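To start, the structure under review is shown below, and the notes come after it.
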Amino acid sequence: RDMKAAFDVPEPTVRSGHTVTAIPDGRLLLFGGWDGYKPLSDAYLYHPQIGTWTQILRGPESEAVLAPQACGNVWPKPTAFHSATLFVEQEDEGKGGIWRVII
């Protein structure tokens, strides 16, 4: 793995009380948690085959996010010490299908 590229990939901050859910295509979904000061509402996918993270949801406290509710987005509430359940709605062989994670 190229070390320069590894530093360009956003990785989750240190936290506890988060959930990690295995999804059908082999990736892991990390959501929320506690950073020692406040609950979090960001989400990441971990790709174990290549050892990288992809941030898929920035917390609303991020300076890059401006009033997500004004855009019609429903933002997950910052949450720690919660549970997450995977619901597979439709299996699609080899493609992961349609699934949802309920927090």
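Note on segment 19-40: residues that are touching an Asp or Glu at 6+ places or on another chain (Cβ under 9 Å) and closer than 11 Å to residue 86 by Cα total 1.
Yes/no matrix, rows are residues, columns are (1) surrounded by 13 or more Cβ atoms within 10 Å (Cβ to Cβ); (2) under 18 Å from residue 78 (Cα atoms); (3) of a type outside the set (Asp, Glu):
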{"position": "13", "(1), (2), (3)": "no, yes, yes"}
{"position": "23", "(1), (2), (3)": "yes, no, yes"}
{"position": "26", "(1), (2), (3)": "no, no, yes"}
{"position": "31", "(1), (2), (3)": "yes, yes, yes"}
{"position": "37", "(1), (2), (3)": "no, yes, yes"}
{"position": "41", "(1), (2), (3)": "yes, yes, yes"}
{"position": "47", "(1), (2), (3)": "yes, no, yes"}
{"position": "50", "(1), (2), (3)": "no, no, yes"}
{"position": "53", "(1), (2), (3)": "yes, no, yes"}
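The strands (runs of 3 or more DSSP E) falling completely within the chain that include 2 or more residues that are at pLDDT 60 or above and in contact with a Pro (Cβ under 6 Å, 6 or more places away or on another chain) map to 39-47.
The values are calculated or read from the model by the stated rules, or taken from the named source; none is laboratory data. Small disclaimer: the values here were computed from a predicted structure and weren't measured. Don't worry about glycine lacking a Cβ; one is built from the backbone with ideal geometry, like all the others, and counts go over all protein chains shown.
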